[in-house]
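Taken together, the values in this text are just the output of simple stated rules run on the coordinates, not laboratory data. The shown structure was predicted, so the numbers you read here are calculated from the model rather than taken from an experiment. Here the Cβ is made from the backbone with ideal geometry for all residues, glycine too, and neighbour counts use every protein chain on show.
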Amino acid sequence: MDHWKQVMIDEYMALLKKTLSLVSLPLKRKSIGCKWMFRVKENPYGSLKKYKVRLVIKGFHQVANFDFIETFSPVVKPKIIQVMLIIALSRD
């Protein structure tokens, strides 16, 4: 069980370092909860690769135009970039 605790600490510290900034809660607002998602990643032959943990927000508690105004999550996969470059090269 100690391996999960260490992975949780590492994930939390990475969030604080790169993503999150802790602020005080505005008046008359309730905080939105979160939960830990645990996953064991395996190699192709079934042996243990690593323990993976993510802290996720319970977004279903959010109210549009109150807790957030817009959402945006840019995701670009390498395959999409490859296809775009092939199209660009084929059209000079």
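Within region 37-50, is there a residue that is under 13 Å from the mean Cα position of the chain (by Cα) and farther than 17 Å from residue 14 by Cβ? Among the residues of region 37-50, not one is under 13 Å from the mean Cα position of the chain (by Cα) and farther than 17 Å from residue 14 by Cβ, which makes the answer no. So, in region 15-31, of the ones that are hydrophobic (A, V, I, L, M, F, W, C) and exposed (fewer than 10 other Cβ atoms within 10 Å of the Cβ), which residue ends up farthest from residue 53 (Cα to Cα)? By that ranking, first place goes to 27. The criterion of being part of a helix (DSSP H, G or I) and in contact (Cβ under 8 Å) with a residue 40 or more places away in the chain does not hold for residue 55.
Results for (1) β-branched (Val, Ile, Thr); (2) part of a helix (DSSP H, G or I), shown as yes or no for each residue.
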site: 4; (1), (2): no, yes
site: 17; (1), (2): no, yes
site: 29; (1), (2): no, no
site: 36; (1), (2): no, no
site: 51; (1), (2): no, no
site: 60; (1), (2): no, yes
site: 72; (1), (2): no, no
site: 75; (1), (2): yes, no
site: 84; (1), (2): no, yes
